[in-house]
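Asker: My structure is below; once you've seen it, I'll send some questions.
The values are calculated or read from the model by the stated rules, or taken from the named source; none is laboratory data. Please read all numbers here as calculations on a predicted model, not as lab measurements. Heads up, the Cβs are rebuilt from the backbone with ideal geometry, glycines too, and the neighbour counts pull from every protein chain shown. Surface accessibility is based on the protein's heavy atoms, side chains included, excluding ligands, DNA and RNA. Shrake-Rupley method; radii C 1.70, N 1.55, O 1.52, S 1.80 Å.
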Amino acid sequence: MNILLISPSEFKDIEYKTVTAAPFMKIKALFAPHALAAIAALTPRKYDIKIFDEAVHGSVEEHLKTNTYKLIGLHLTTNLLKRCIEIGAHIRDNYSESYLVAGGIGLSSIPTEKVNVFQTVFYGEAEETWPVFLTDFEKGKPLLKYRKLSYPDMAKVPIPRWELIADDLKYYATVSIQTTRGCPYDCDFCNVIYTYGRKMRCKTGNQIIEEVKLLESLGVKAVFFADDNFIGNRKFVKEILNELKSLNNSFDAPLLFMTQLDITVANDDELLGLLADCNFIQLMIGIETVNEVTLTEMNKLQNLRVDIPTAVQKIQSYGILVTAHLIVGFDSDTSESFANIENFINHANVTEYLLHPLMAPAGTKLWYNMKRDSRIIDFELINDDFTDIVSNIIPKHMTREELMSGMLDFWSKLNTVESNAGRVSLFIENISRIPDVQKPNFKGFWKMKGLIFNAIGFFITKADKKDKEAFFNLFKQVRGKSIILVSRFMYMYTNYLMNRYRAELYAKILVQQIQIEKKDPSVIVTLDNITPIPENVLKHSNEVFKETYIILRKSLDKSAKLYNASLETITDFINQFGNEFVVLDDFQKKNLTSCATRVLNNGEWKKEVYSQNNESVMPENEPPKAFFKQMNNNLDNYLRYKVSIDN
Ligand code: B12
Ligand code: SF4
């Protein structure tokens, strides 16, 4: 049997366009299709499997004209939802011999009826469900949905099959390795812990080292560690870094590493030294805001453990670039917040930053709170193509227009060549600990010569005059400081070009969006009217969840069934008895039991099909903690979509 795995892309996608600002890199996308290489690794070798990335090879419709597949899988992301559905519809209309499936983290936030073009969908991590599906498929009995409720053990995750796209790897800025999933923190605006859990799940050192070796052998130059928080487990990360340090320095040209982690890294000199000496050149850090009140309100308490500007400078003193992820639009933000952010960037000398408007992902605490205040917007009505730049909230102390125009103004000041060059120069000057990284040997240099000459050639002949001048002045400065810093400087300037262009693209979207909202203010519809979770039920939600669990557990023991029947029971209960609910007394317990009985006898959950093999048996009396989390996370979504379908 042959299988095609598709990574969708389209020309108007910002990620796709951004890379064109650095033509000398000759890349076509920022990230290689990690999820699909991971799925390929979970597929028995007897199958003939191909990965097709539209960013590299163009539209898949063309490819399908001359190639047929028995099974086609698509990696679905919410920012490319329309393209994913378009591809799906094309396949269903023209290739009835192919069976079509889709997976991806974003799927859980999309109403089922929107993705029914796919014959099977995978919710959540697929390490355990994909192999089960393949067996079911071979038997001719694939299910409609595969939902994994427990978290796969990362120590058993196989090495992604990058060799399948060995020829494509040169077209990506980075290829990724994931060492952990999960994050120990619990920030109000983030849904990572609902998706991956709060307990860090780690691969073994051996797995990670083998992945690094594989990528190096395939000619990869830059590796992105795609963890949510690379230092979420300090002991583990230090062990890995100690091994990585000697491995990376033994290569002809050490790989460049980047990752995402939290600001408390600045409190740990040993860790900073290890990161620097492994050749981590860039750390992406969720600074979010420098307003301490907001950090407290958002439960981003780890950021209060440091003085943020000092922490940034300390990390930079190790020769590591900090990319500050910043958010504006929190309740304590006003139009003046833009000036505060600008001051922070200049004061801490942050060389790279991404400023986003506050988004409230569905199901997060922030989303619940804002929705209760009628401040969550029905995103589909405004702009669901550009989910990282058009916000889904109504800010408290600014209008939406002030939020958007503040961002436009911010970029126009900070993205100038002069402003950037000033910060980069200071960054170079302030590096006090030169990373202990091997210089590339002759063979290593030879491998990189194309890239180096292309870049230099670009700045001599094609770059704007100002960029050219700034680049060569800074090049001279960095060369004088240490040869080992040259590659990270070139990376830094390349990123600057791409981010500057990205901001221009974002600016166009914001200008359009401001006009749309001005012309027709009625596009701003808030979600409150269609999500009726009464205050009193919310207050007692854990008791209601537990009671529901205990009632249903007598009849159901497998996690997915119990979970889905619980959601339906609670929804039923809220619809029928929610408004009169005060506390969970005997009367309400009886009501809950009658809802559960109805659901057990003829509920919708019965029509859903579940993966049988790997589903865990739930404990008898006490619901596990994860059950409460899943209920909290999904109940509101479930209600929303159910109600909107019914309407
Ligand atoms: C690189 C990256 C991107 C790249 C993706 C490039 C690419 N081609 O993969 C780009 C920049 C395009 C991107 C976009 C977005 N991202 Co992003 N991204 C990441 C990052 C850092 C790594 C992704 C990765 O490679 N993971 C490793 C692979 C193995 O995991 P995976 O992709 O989840 O795949 C597994 C399953 O989803 C499933 N699966 C995936 N595809 C398929 C296909 C089939 C056929 C099957 C069967 C299964 C399957 O199986 C895989 C193995 O378990 C993650 C962080 C993270 N922890 O993953 C954030 C992350 C996934 N992104 C996130 C967000 C918010 C976004 C955006 C919504 C941003 C925006 N506002 O526009 C969009 C849309 C993503 C979405 N929700 O659909 C969040 C998602 C939170 C959530 N719960 O939804 C994460 C977790 C980051 C974070 N900490 O907030 N992202
Ligand atoms: S530290 Fe980052 S990944 Fe972890 S919960 Fe907070 S925002 Fe999410």
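Asker: Could you give me D for the stretch 339-404, from Stokes-Einstein at 37 °C and 0.692 mPa s, where the hydrodynamic radius is the Kirkwood radius over C-alpha pairs? Units µm² s⁻¹, please.
Answerer: Details: Rh = 13.4 Å.
It comes out at roughly 245 µm²/s.
Asker: Considering the stretch 214-262, what Rg and Dmax in Å follow from its alpha-carbon atoms?
Answerer: Cα only, the stretch 214-262: 11.5, 31 Å (Rg, Dmax).
Asker: Under 18 Å between alpha carbons, and skipping anything fewer than 8 positions from Lys70 in its own chain: which lysines qualify?
Answerer: Lys46, Lys50, Lys139, Lys141
Asker: In the chain, what percentage of the DSSP-assigned beta bridges are antiparallel, given to the nearest 5?
Answerer: Here the share of antiparallel DSSP bridges comes out near 10 percent.
Asker: Right, here's the next one. Where does each of Cys183, Cys190 land when they are ordered by accessible area, with a 1.4 Å probe and the largest first?
Answerer: Reading off the accessible areas and sorting them downward yields Cys190, Cys183.
Asker: Name the residues whose placed amide hydrogens come within less than 5 Å of the amide hydrogen of Leu30, ignoring near sequence neighbours (fewer than 5 apart) on the same chain.
Answerer: Sorted by chain and number, the residues that satisfy this are Ala173.
Asker: Restricting attention to the chain, give the cysteines that have no other cysteine Cβ less than 4.7 angstrom from their Cβ.
Answerer: Cys84, Cys183, Cys202, Cys278, Cys595
Asker: Sticking with this structure for a sec: Below 8 Å between Cα atoms, with a sequence gap of 6+, how large is the relative contact order for the stretch 39-111 in percent?
Answerer: For the stretch 39-111, the relative contact order is 33 percent.
Asker: Under 5 Å between amide hydrogens, which residues at least 5 positions from His356 or on another chain qualify, with H placed 1.01 Å from N in the peptide plane?
Answerer: Leu326, Ile327, Val328
Asker: In whole percent, and with a 1.4 Å probe on the protein chains, what portion of the accessible area of the stretch 1-147 is carbon and sulfur?
Answerer: Working: 3220 of 5990 Å².
Exposed carbon and sulfur together represent 54 percent of the surface.
Asker: Between their Cα atoms, which of Lys156/Lys561; Lys170/Lys238; Lys561/Lys629 are more than 18 Å away from each other?
Answerer: Long pairs (Cα-Cα over 18 Å): Lys156/Lys561; Lys170/Lys238.
Asker: Taking every pair of alpha-carbon atoms in the chain, what share in percent sits in each 20 Å bin, from 0 to the bin with the longest distance?
Answerer: 17, 51, 29, 3, 0
Asker: Mind pulling the angle between the C-alpha long axis of helix 308-317 and the longest principal axis of the chain? Nearest 10 degrees, somewhere in 0 to 90.
Answerer: Around 50 degrees separate the two axes.
Asker: Would you kindly derive the ³J(HN,Hα) couplings of the stretch 489-500 from the backbone phi angles with the Karplus curve 6.51 cos²θ - 1.76 cosθ + 1.60 (θ = phi - 60°), listing them in order in whole Hz, with x for Gly and Pro?
Answerer: 3J(HN,Hα) across the stretch 489-500, in whole Hz: 5, 5, 4, 5, 5, 4, 4, 4, 4, 5, 5, 5.
Asker: Now, a different point. May I ask you to give the solvent-accessible area per residue for the chain, in square angstrom, as obtained with a 1.4 angstrom probe? Intermediate results must be reported in sequence, preceding the final value.
Answerer: Values: 27170 Å² over 647 residues.
Ligands and nucleic acids excluded, the figure is 42 Å² per residue.
Asker: Moving to a separate point now. So which aspartates and glutamates can Lys466 reach, going by Cα to Cα under 20 Å and dropping same-chain residues fewer than 8 places off?
Answerer: Glu352, Glu418, Glu504
Asker: Take the alpha carbon atoms of the stretch 1-78, find their center, do the same for the stretch 427-495, and report the distance between the two centers in whole angstrom.
Answerer: 31 Å
Asker: Still on this structure, I have one more. Return the tail of the calculated pair distribution for the stretch 1-134, meaning the percent of Cα-Cα pairs more than 24 Å apart.
Answerer: Working: 2447 of 8911 pairs.
Percentage above 24 Å: 27.
Asker: Which whole-number percent is the relative contact order of the stretch 81-194 (Cα, under 8 Å, 6+ apart)?
Answerer: So the answer I get is 17 percent.
Asker: Amide H neighbours of Ile51 under 5 Å, counting only residues 5+ apart in sequence or on other chains, H built in-plane at 1.01 Å?
Answerer: Residues meeting the amide H criterion: Leu5.
Asker: Right, here's the next one. Going down the table (Lys221/Lys481; Lys114/Lys300; Lys462/Lys508; Lys26/Lys413), which pairs top 27 Å between alpha carbons?
Answerer: Numbers: Lys221/Lys481 23 Å; Lys114/Lys300 34 Å; Lys462/Lys508 24 Å; Lys26/Lys413 29 Å.
Flagged as over cut-off: Lys114/Lys300; Lys26/Lys413.
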